[in-house]
1. Checking the conditions here, which among 254, 262 is in a strand (DSSP E or B) and either away from the ligand (no atom under 16 Å from the Cβ) or out of contact with any His (no Cβ under 7 Å at 6 or more places or on another chain) (or both)?
2. The conditions are (1) surrounded by fewer than 17 Cβ atoms within 10 Å (Cβ to Cβ); (2) within 26 Å of residue 437 (Cα to Cα), and residue 176 fails exactly one of them. Which is it?
3. Does residue 125 qualify as being surrounded by fewer than 24 Cβ atoms within 10 Å (Cβ to Cβ) and modelled with pLDDT of 95 or more?
4. Does region 198-205 contain at least one residue that is part of a loop (DSSP other than H, G, I, E, B), under 29 Å from residue 443 (Cα atoms), of a type in the set (Gly, Ala, Ser) and modelled with pLDDT under 95?
5. List pairs: first residue in region 71-82 and part of a loop (DSSP other than H, G, I, E, B), second residue modelled with pLDDT under 95 and within 16 Å of the ligand (Cβ to nearest atom) anywhere in the structure, Cβ distance under 8 angstrom, at least six positions apart or on different chains.
6. I'd like to know if region 32-54 contains one or more residues that are at pLDDT 95 or above, touching a Pro at 6+ places or on another chain (Cβ under 8 Å) and assigned to a loop (DSSP other than H, G, I, E, B).
7. Within region 168-210, how many residues turn out to be within 16 Å of the ligand (Cβ to nearest atom) and touching a residue at least 40 places away in the same chain (Cβ under 8 Å)?
8. Restricting attention to region 213-246, report how many residues are within 12 Å of the ligand (Cβ to nearest atom) and on the phi > 0 side of the Ramachandran plot.
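The values are calculated or read from the model by the stated rules, or taken from the named source; none is laboratory data. Bear in mind the structure is a predicted one, so any value in this text is a computation, not a measurement. Neighbour counts are summed over all protein chains in view; Cβ atoms, including those assigned to glycine, are modelled from backbone coordinates with ideal geometry.
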Amino acid sequence: MDPLGERDVAGEAVELAARTAAAYLDELDAAPVRHPDSSAAIEGFGGTLPEDGDGAMAALHELAGPGVRGAIQSAGPRMFHFVTGGVTPAALGADWLASLLDQNAGMWVSSPLASRLEAVSVDWLKDLFRLPAAWEGVLTTGATMANFTGLACARQWWAERHGVNLEKRGFAGLPAAPVLSSDYIHASARKALSLLGFGREGVQVFSADGTGSLDAGALEAKLRSLDGAPAILIGNAGEVNAGHFDALEKLADLAERHNAWLHVDGAFGLFARATPRGDALTAGIERADSVIADGHKWLNVPYDCGFAFVREPGRLASAFSAPAAYLPDAVADQPNFFERAPEMSRRARSLAVWATLRAYGRAGHRAMVERHLDLAQRLAARIDEADDLERLADVPLNVVCFRHRPAGMPEEELDEHNRRLGEAVLEDGRVYMGTTVYDGRVAFRPAIVNWRTTEPDVDAIVDVVRELAATGGGAPIQ
Ligand SMILES: *Cc1c(COP(=O)(O)O)cnc(C)c1O
């Protein structure tokens, strides 16, 4: 059917969505993260493209029923997998309005509202994270594209030092770029490097040990050997296995002394700047050239959202502008954010970012981050008390790295045991978290970033792991 015939159905469609949302939100705190019927629920979706279609309400009833049952309830309080934020009430309402208004946030003329709110949001985020007010910024789809954005600026700066306008000419004639980091570097930064033409393996890592921590001496020796040739340093503020930070002050010193651009990936770690309790970890971040973070993690706005901040005024525009006769020129105080971003047409992510900052303010975000830091310490203490659990790393922030270690199980069986236990946890669905390999050992790494999470949710991590291990969720019982 032609959608023109459904002109009057839109109101009914959003009412169905609102009724579905109300019921969903009522149950979210208590519901399992993964519904027992989730696999069956999603199997019903498929078939061939309908010839005529059944209209909006038929489609939406499928989403409101099996769709909701099939969804991972990742906005709930016991989603500890990856680093997964929830959605605050303010951000949820604003995101719905962003879909309603369907703004193109690429240009001032296409959406003065979204552009204005993006400018305000970038200013407020710099304030929250205590980054210099003169820096420029932009909203992105997430930390991957924020890393891409910051590193594209680094790339342009580096090529300029070699006398090349890379945006116009490409890489021809340029030497291989020295891109240097620790082994805390995130897979998404490598992906960004590959998209930028440096290659996923075009980064050299300098690590002191099996956990990936920075060997600053070896990095410094490498920089000395470059003899003043420009380099790109990637600092990591919050790595995913245990929440570790590189020594950012040291990296800032090295960058200053050795002609390097310092880019810092703070996808979730930048939120340590929302509390003075994070000062020791983040000191020096304000001396970087580019800093990025995610919105859909610790800011608790819906997918997808991230941000990139760049020190040098105009650098974003020189890396991302795309002149064309039909596109408007920028006017002072009326920014065209497409000139600072990889995309041209863009979702109005600023509505949700602005709304959540407006709703909860500096104090609200500080309280949330501090609560999560306390919850991480509580989880660490409960793990330390349990004689069958072993914590594998310090807990500097909000990630707790541990494994199950039953009495008498030999070391060589522990990896397989924890891997199976990890599968059992996901299958069980009451809490949701994955495993990693930390310092050569398979381990859980729950990350706490959801505004709804409180003490009983964190206690459930310990209880569910021990219960599943006792009922055979780990190694087969012999
Ligand atoms: C999550 C994460 C990323 C990638 O973020 P996306 O939002 O998934 O693109 C990059 N770096 C770190 C440290 C992360 O935790």
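1. Criteria check complete, one pass: 262.
2. That leaves (2) as the condition not met.
3. So residue 125 fits the description; yes.
4. yes
5. Pairs that qualify, where the first residue is part of a loop (DSSP other than H, G, I, E, B) and the partner is modelled with pLDDT under 95 and within 16 Å of the ligand (Cβ to nearest atom), are 81/434; 82/434.
6. Looking through region 32-54, at least one residue is at pLDDT 95 or above, touching a Pro at 6+ places or on another chain (Cβ under 8 Å) and assigned to a loop (DSSP other than H, G, I, E, B).
7. The total comes to 13.
8. The qualifying residues number 2.
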